[in-house]
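Chemist: Sharing a structure, written as structure tokens. Questions coming.
The values are calculated or read from the model by the stated rules, or taken from the named source; none is laboratory data. Since this is a predicted model, take the numbers as computed values, not measurements. Cβ placement follows ideal geometry from the backbone for every residue including glycine, while neighbour counts extend to all protein chains displayed. For accessibility, only protein heavy atoms count, side chains too; no ligands or nucleic acids. Shrake-Rupley method; radii C 1.70, N 1.55, O 1.52, S 1.80 Å.
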Amino acid sequence: MEFRCLLFVLISSSVVLITQSDTTTKDPDWSDIVVTMVGREVTLPCVDWPLTGSVSINWKMKSPSVDHWKLVLSANERQQFSGAASKASMRLVDSNFQETGDFSLLFIPKMEDKGRYSCLIIQQQKKLREKIILLAVLTVSIFPSATLPQHSTLRLMAEVSPASAISEVTWLSPGGTPLRLARRSGGGVAKLPQIRLTDQGVYICQVYPRGNSSSPMFPFTVDLRVDGMNVASFTNISHSDQISMASLTQTPLTLACPPMRGDYVLLYWKPPDSRNINTTTLVYGYDRWRDRTEQSKTHAQLSLDGPLSTPKEGFFSFLLSPGLNDGGLYMCEVFLNDNVFSQRTLLSILQVKARHSPTALVLTCQYTERSQVKRVVWSHQNQSRTLKWSSSGPGRLSTEVPLSPTQDTAGNYTCTMLLRNGQAVKAVYTVKLPPKDNTESTTSISLPHPESNSASLLPFLSASLLLVPLVAAVAGVLLWRQKDISRRGIEQSLSHYSGEVENIYENPEDIRQTSPQGSVYMDLKPRVEDDVYEKLDRYK
């Protein structure tokens, strides 16, 4: 059993080793990567131990678009000559390579020099060692230029060819903060809209190679300057047709922006019914590359949450829950590089307020941005009823309802605002009839309705059943006390006057005027035949 387990482990290990070996063979067919920029001097490293005897070096090159090698340079201890793929700037780093073991190649590349390079070391007419190096060329572009006017959009573009040579490209700001990158094959684009003086400095492009490389990362620097004397002007502006719309206060509405992708968005606002053209202010701004938001405190109820809005992807629309004074002209401007796309929305707002005067309930319809309002009217749900209107100023229309509404005056009062484009919005105020007064003053126990829930009836019945024995007990005690007091009064009266019974009826006034001593006097007139007073009367 132990032998079988051991055999299984050995077989499993062999499978793992074979799998790893297969994976290694699928790695890129180069042993090193070098990334450089066009016009920058580059060294392709090829270093070995110092060698003795007859030693020669052959440098060959294969472009990505061809399948065969071309000789670049060949040299031995006596002479050096160039091949068909050689460049004027190409040379060996050390001409005494045999003694130093440094066979590296140095030159200033162009874009067409990218590809694989073979460093073949020959000793005594035999191949000693070969190293394949992949040369990748980085192209960095700065737009509009290395010196930018303020408020322009900086574009840092990086592209490495061949793209298979790298795994990632990143950009760092002068402060070391990574910039957001729109990735592309072999590189990407980083943008900084609305450049300011504080944005100038040295930006770093970092290129990370894929596969075998003697260097884990290749950094390249770009020095950016901002012209503080000039400000960018955007003349290429596309305007969409103006939108006219109306809304009630505190009712969410969408403020549209141009439907194209942009780098950042600015929303300007001109207050309603304003005659001054210089009152336009910036109320919201969002830069998707920096993920930075600027918002005015006057429009805290404004958000970039419209139904078509994906801000981080560059598509924008706003959501507004307006107050009465939030009407006016809104201008949404989307910026893409040096282009501007503009969308204007003229917004009118309507609301109804009620107040009490000494004689009536005054309903006032208020509305703003009157420039696009065609008509405002009051109406009652009873269309045959004609309302009287009055206006205390522009944008205000009032009607009155008597303080004691009747069947005719109660109901829905509607203020309708009609725009010149035919759009209408309505605000409704409901006047209710007063509750009926109960003039009868009665005392009664309200029993639950027979159709009400039985659960509500049980507590009442339980309480009633508990009161019945309590009331009976109290009544019994009172009756017993009254009977006891009467009996004791009679007995005490008879006992007190037992020696002078004959005088009771002879002069009853004397007895009535005598204060009772521990007894209760009762002037009784016995009428029953067996009554004790009648028996006593016989002794006269």
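Chemist: Can you tell me the relative contact order of segment 31-80? Whole percent, Cα pairs under 8 Å, sequence separation 6 or more. Intermediate results must be reported in sequence, preceding the final value.
Modeler: On the way: 36 pairs, mean separation 13.7, N = 50.
27 percent.
Chemist: So, one more: At 7 Å along Cα-to-Cβ for each site, give me the label-to-label distance between residue 70 and residue 392 in nm.
Modeler: The two pseudo-label positions are separated by 9.0 nm.
Chemist: Using label points projected 7 Å from each Cα along Cα→Cβ, tell me how many nm separate residue 124 and residue 305, to one decimal.
Modeler: 8.1
Chemist: Could you run the Debye sum over the Cα atoms of segment 109-253, one equal point scatterer each and no solvent, and tell me log10 of I(q)/I(0) at q = 0.11, 0.14, 0.21 Å⁻¹, two decimals?
Modeler: Cα-only, vacuum Debye calculation for segment 109-253: -0.61, -0.80, -1.23.
Chemist: How high is the relative contact order of segment 263-315, in percent, counting Cα pairs under 8 Å that sit 6 or more residues apart? Write down the numbers at each step before the final one.
Modeler: On the way: 62 pairs, mean separation 16.4, N = 53.
Once divided by the residue count of segment 263-315, the mean separation gives 31 percent.
Chemist: Along the Cα→Cβ direction, 7 angstrom out, place labels at residue 360 and residue 416. What is the inter-label distance in nm?
Modeler: Placing both labels 7 Å along Cα→Cβ, they lie 2.1 nm apart.
Chemist: On average, how much accessible surface per residue is there in segment 320-431, in Å², for a 1.4 Å probe, leaving out ligands, DNA and RNA? Walk me through the numbers on the way to the answer.
Modeler: Working: 5360 Å² over 112 residues.
Per residue, segment 320-431 has 48 Å² of solvent-accessible surface.
Chemist: Alpha carbon centre of segment 128-177 versus segment 309-324: separation in Å?
Modeler: 34
Chemist: Taking 0.36 nm per residue of sequence separation and subtracting the Cα-Cα distance, how much length would be gained by fully extending the chain between residue 94 and residue 231, in nm to one decimal?
Modeler: Details: separation 137, 0.36 × 137 = 49.32 nm, distance 5.18 nm.
Stretched out fully, the residue 94 to residue 231 stretch lengthens by 44.1 nm.
Chemist: Which FRET efficiency, nearest 0.05, do residue 197 and residue 139 yield, Cβ-Cβ r, R0 25 Å? If you can, show how the numbers build up before the last one.
Modeler: On the way: r = 28 Å, r/R0 = 1.12.
About 0.35, to the nearest 0.05.
Chemist: Starting from the Cα-Cα distance between residue 78 and residue 243, subtract it from 0.36 nm times their residue separation and give me the gain in nm to one decimal. Mind dumping the intermediate values first?
Modeler: Working: separation 165, 0.36 × 165 = 59.40 nm, distance 8.33 nm.
51.1 nm is the gain from fully extending residue 78 to residue 243.
Chemist: At a probe radius of 1.4 Å, what is the per-residue accessible area of residue 305, in Å² to the nearest 10?
Modeler: Ignoring ligands and nucleic acids, residue 305 comes out at about 100 Å².
Chemist: Find the relative contact order for segment 207-294 and round it to a whole percent, using C-alpha pairs within less than 8 Å whose residues are 6+ positions apart. If you can, show how the numbers build up before the last one.
Modeler: Values: 53 pairs, mean separation 14.1, N = 88.
Relative contact order here is 16 percent.
Chemist: Of all accessible surface on segment 371-436 at a 1.4 Å probe, what whole percent is carbon and sulfur? Please report the intermediate quantities before stating the final value.
Modeler: Working: 2100 of 4260 Å².
The nonpolar share, carbon plus sulfur, comes to 49 percent.
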